[in-house]
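First up is the structure itself, then whatever we jot down about it.
The values are calculated or read from the model by the stated rules, or taken from the named source; none is laboratory data. Computed from a predicted structure; not experimentally measured. Glycine gets a Cβ as well: all are built from the backbone with ideal geometry, and neighbour counts include every protein chain shown.
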Amino acid sequence: MKKILFVIAIMVMAFGVEAQNQRGLKGNKYHLDNYPQVTFEWNSPNPAVLDASQFTIFENDSAVRINVQHLPAQAVTPQKKSVLFVWEDMASHSQQAAFTVKMLTRFFNETQLKSEDQFNIAFFNRKGNNEPKVLKPLLSGFTNDKNALAKVLKDYKPSIKTFAPNPNQSDLYLAINEGIDMLKKEPADRAGVIVVISAGLNMKVPGASTEMETVRQNALDAGIPIYVMKYSIYGDTPEINTLAESTYGLTYATKKADDALPQLQQFYNGMDSRLHGQDYRISYTTTAKRDGKAHPVNFSINKVKQQIPDFTAPSLTFGLWIKENLILFIALCVGLILVVLLIVILISNKKKQDEMARQGMVNDMNNALSQSQQEMERMRQEQQAKERARAAAEQRKANEAEQQRLQSLMQSKNLYPRLLCQVNGQNYTYMLTKPVSTLGRNDNNDVVLNNRTVSGLHAEIRFNGNGFEIVNRSQSYTQGIIINGAFYQQSALKNGDMIGLGEAVLTFYM
């Protein structure tokens, strides 16, 4: 039962991730029905509608002509979101705390929040020397409990710390970066959003991830837009505007909470649409052949290469050939019909003539057909013979390569076992220096055992890369080879094994 519930949970999670939004290639598929035209649908996280000139596809280092169609969303599916308010609480401008508390309290009390969305609030100031984190959440986790969110705002005591030498600056980018890492720990089926409430200045701390570019890349990699509600006491502060714009968030600047509230509500109500981004249908004519193989798509947006899988070109079938060459196929069929009709007419006319001549013509045609069939059969047999010869040559080459490899392995490991042979009352020793050594009565064997009870080719000793084994090759001793008193058709050999081949007794030494 637990396994079933686990599988269901995984399926629900996977469905949730898909329902959130699929970036890049939509449906993970290409449309190749009109090949060589390749069509696919692409989701860009950029909420702005891109111009067709911003898309490029290269084949063989040359740009190809593409058609780009923007697909307006009919209805954006709401996504489950985890929204983190990153609040700059600076003692040096205490009115910002009142601004934030008022704006967020009214936001939670007066906004129709989606039931599946969850929120948390985390404040930051300057990072103390002994503080592991600059960002401090007001709640232990994300929640959709409006009362709990309003209560932590009401109970919060604004900061009274002022840090020298720059009391008016905060560790802004460090706090945002920690917020991104905090959202990465949320369930995979939830989209993460950061809303920064700040004056917009940053205190750069040596060695910390406080540069805007580092934070921007982290946000883009995680797919987290950064919205900025700027408490505008320092003017424009354009760098934070760039961060919001480049992560597909928005900015608004004011010092009045009553003005900020409707803008924050507008931020929230438009998040689903901006998180969805924009969909495009892209098509182009590829030069890739119909070969059933995978072909890369070198796709870029604004000269930035996109991660996109290869497509597999369809194989050229007879049906596809007809579809692509319909006029030629019809012409061939008409021509064939005309040829058939002409033959029928000729045959009909011939029937009116001398029966013997007609029969002779039929015989000639049959002979020609028979010869053609015989020629085709001869050619087929020749082709089969060539194929068999080629396969045999490849097999011999593979066998020779394997024998060379095993020979080199024996040499590198100094594996040259010895056979102590007792035949006809005499003892003599053979050293096995090849990967395959034959044993038998015939003189062409590697180990010659001149005894009438031994078969012409009785056995083989093979090196398999790890050790040696003996294989029965005798047509007379079908029960096998005697090794240490037992019969075997094939057996691995170890040091000291005694082998019986007829009346010959061999001892294997490593």
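Yes/no matrix, rows are residues, columns are (1) under 30 Å from E41 (Cβ atoms); (2) not aromatic (F, W, Y):
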site: F299; (1), (2): yes, no
site: Q306; (1), (2): yes, yes
site: L328; (1), (2): no, yes
site: L338; (1), (2): no, yes
**Asked** For region 98-147, how many residues are surrounded by 15 or more Cβ atoms within 10 Å (Cβ to Cβ) and free of Cβ contacts under 8 Å to residues at least 12 places away in the same chain?
**Response** 0
**So G360, is it loosely packed, with under 10 Cβ neighbours inside 10 Å and at pLDDT below 90** = no
**Prompt:** Name the residues in region 403-461 that are without any contact (Cβ under 8 Å) to a residue 24 or more places away in the chain, assigned to a strand (DSSP E or B) and surrounded by 13 or more Cβ atoms within 10 Å (Cβ to Cβ), would you?
**Reply:** Y430, V448
**Prompt:** Out of the residues in region 462-491 that are more than 22 Å from N399 (Cα to Cα) and aromatic (F, W, Y), which is surrounded by the most Cβ atoms within 10 Å (Cβ to Cβ)?
**Reply:** Y477
**Message:** closer than 20 Å to M510 by Cα and in contact with a helix residue (DSSP H, G or I) (Cβ under 8 Å, 6 or more places away or on another chain): is that true of T429 in this structure?
**Reply:** no
**Message:** Quick check on this structure: which one of I470, I482 is under 17 Å from Y430 (Cβ atoms) and among the β-branched types (V, I, T)?
**Reply:** I470
**Request:** Working only within region 301-324, note down all residues that are assigned to a loop (DSSP other than H, G, I, E, B) and farther than 13 Å from R290 by Cβ.
**Result:** N302, K303, Q306, Q307, I308, P309, D310
